[in-house]
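Quick note: the coordinates plus some simple rules give every number you see, no bench work behind them. Nothing here was measured: the structure is a model prediction, and the numbers come from that model. In this analysis, Cβ positions are derived from the backbone assuming ideal geometry, glycine residues included, and neighbour counts consider all displayed protein chains.
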Amino acid sequence: MSGSEMPQPRFRSLDGLRGFACLSVTLFHFFSAFQPRLISEQSVAPYWISDTPLGIFYNGGFAVAVFFVLSGFVVASASASRKRKLSITVARRYFRLALPSAASAVIAWSLLTLTAGTLPDVQAALTHPWMTFVLAHDRLPNLFNAALEGGLYVFVEGSSLLNNVLWTMKIELLGSVAIIAIYAFVSGKARITLLILLAVAACALGRPEYSAFMAGALLRECHAAGRLTGSGSLAIFLFAIVVGSWTKGFGDRIGLSLPMTFALGEPHKFWHTLAAVGMVYCAIASVPISRFLSIRPLMFLGRISFGLYLVHVPLLYSLGAIGYLQFGHEGPLELMTLAVLAISVSIIAGYLFTVIVDEPTISGLAKLDRLLHGLGPDGRHTRGRTGNLKTPG
C-alpha cells in the first residue's frame, strides 16, 4: 500500500468548520425569511453589511461550497483507506443521504400540515421572495409521497417544495459517486491528473459545485503526501474570509460584471469554491486555525450539522413564521429575540434528529457494510479464502 493509500485521521477542525458553515446557512435562511435586506439574493437594495467581511457569518452560498469541498475530502479519504465493492459503496452513500433526507421531508410535511391553518396569514404578512417561494404549495402531497420526495425525487430533480435545502442532495450524491469511482479505478499520478482535469472541466461547463468535490479530493492527496505544510496560511485565510463574504451581485455593485460562473459573489460558484478550498486548507494545515475550529461549541455543531441543515428550514417557515406574526415583526429587539429562539430551537431539533435518525443511519449502514463484505466489528475478515469461518489461532 503506497503512502497515498494510508488511512487518514479524523480532523476535529473539519468538524468544527462544518459546524460553522451549517450555522451560517441557518442564519442565511432566517434572514431570508424575516430580514431579506440583509441577503442580496432576496433584495435589489441589500444593506451595506452584505458587502463586508461580516457577511461571511451568514453567507449561505459560501457555506454550501465549504460543504462540497469537505465532502470531497472526506469521501476521498474513506475511499483511499479501505477497499470495498463499488456497488455497495455507492449504495451506502445513497442511503446515507436518502434516509435522513426522507425523514426531513416527512418532518416538513408534518409541520406544514399542523400549521396549515396559519398559512393564509403567513403568506399575507410575509411577502418576502424566499418565504413566497417556500410556501408556494397549492396542495400538500400525502405522507408517502412526501417521504418519496425526500428519499428519491430530490436525487433526480435536484429540488424540493417541502424542504428547499434538499436541492444539494443531488449534487452531494453525484459528486460523491464520482470520487468513489475515481478511487476505485484510478491510482497514483493518473488519479491526480484526472481530478485536476475534472475540476477544470466542471468549471468550464458552468458547474464549479462539482469542482469542489475534486478540489477536496486533491487536498486529501496533498495531505497524504505530506504537502500541506501550512505555508501561506494567514494570507490564504484572509483571502477565504474576504472572497467567502462576497454575496450575489457583488461584482455588479462594484461595476465588474462577469459571466455567471465567474461572477464575484455568485453563490457556490467559482469564487466561493476557491475560497472554500482555501478555508479547508487552513483548517487542515494551520495550527492556530485548526485549534480554533476544534473548540467544543463548533465541534458540537459539526456533530449535528447534517441534522441541523435538514430541519431548520421547515421550522423557520412554520413555527418561526408564527413567531414572526405574534411578535417578531414589531421591531428590531423582537426580531432579535425571534432569531435567538429560532436558532436555539433549530439546534435542539438538529440534535434530536442526529441521535434519532442520522447517527443510527450511519451505524446501521456501517454494520450492513461489514456484513456484506464479510468483516467483523474490528474491520477484519471473518471468513477465510474458502468462505469458512476462521478458527482462533
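Here the translational diffusion coefficient of the chain follows from Stokes-Einstein with Rh set to the Kirkwood radius across Cα pairs; for 25 °C and 0.890 mPa s it amounts to 111 µm²/s. Excluding same-chain neighbours fewer than eight residues apart, the lysines reachable from Lys248 by a Cα-Cα span under 16 Å are Lys269.
For the chain, what's the relative contact order in percent, using C-alpha pairs closer than 8 Å and at least 6 residues apart? Across the chain, relative contact order equals 27 percent.
Give the distance, in whole Å, between the Cα centre of the range 88-150 and the Cα centre of the range 176-247. When both Cα centres are located, 32 Å separates them. Ranked by the mean number of other Cβ atoms within 10 Å per residue, highest first, peptides 277-287, 55-65, 347-357, 252-262 order as 55-65, 277-287, 347-357, 252-262. Comparing Pro129, Ile180, Leu143 along the charge dipole axis of the range 112-194, the residue lying farthest to the positive side is Ile180, per the Cβ-charge model.
For the range 3-372, the residue among Ile322, Trp167, Gln35 whose Cα projects farthest onto the positive side of the dipole built from Cβ charges is Trp167. In straight Cα distance, which lysines are under 20 Å from Lys83, not counting same-chain residues fewer than 8 positions off? Qualifying lysines at Cα under 20 Å: Lys189, Lys367. Dipole size of the chain about its Cα centre, with +1 on Lys/Arg Cβ and -1 on Asp/Glu Cβ: approximately 2000 debye, rounded to the nearest 20. Helix-only arithmetic for the chain: the sum of -39500 (n - 2.57) across DSSP H runs with n ≥ 4, divided by the residue total, places the mean residue ellipticity at 222 nm at -20000 deg cm²/dmol. Within straight-line reach of Lys85, meaning a Cα separation under 16 Å, sit the following aspartates and glutamates at least 8 residues removed in sequence or on another chain: Asp369. Helices that extend 30 Å or more along their long axis by alpha-carbon positions and average at least 0.0 on the Kyte-Doolittle scale are, among the DSSP H runs of the chain, 12-34, 60-81, 86-114, 332-353. Once you order the gyration tensor axes a ≥ b ≥ c over the Cα atoms, which shape class does the range 1-155 get: rounded for a/c under 1.5, otherwise prolate or oblate by comparing a/b with b/c? Here the range 1-155 falls in the oblate category. Peptides 27-36, 100-109 ordered by packing proxy, namely the average of other Cβ atoms within 10 Å per residue, highest first: 100-109, 27-36. Computed from backbone phi, the HN-Hα couplings of the range 49-56 come to 4, 5, 9, 10, x, 5, x, 5 Hz, rounded to whole numbers (Karplus: 6.51 cos²θ - 1.76 cosθ + 1.60, θ = phi - 60°; Gly and Pro given as x). Highest mean first, the peptides 358-369, 144-155 sorted by other C-beta atoms within 10 Å per residue fall in the order 144-155, 358-369. In the elastic network of the chain, a GNM with C-alpha springs shorter than 10 Å, the most mobile of Tyr94, Tyr47, Tyr183 is Tyr47.
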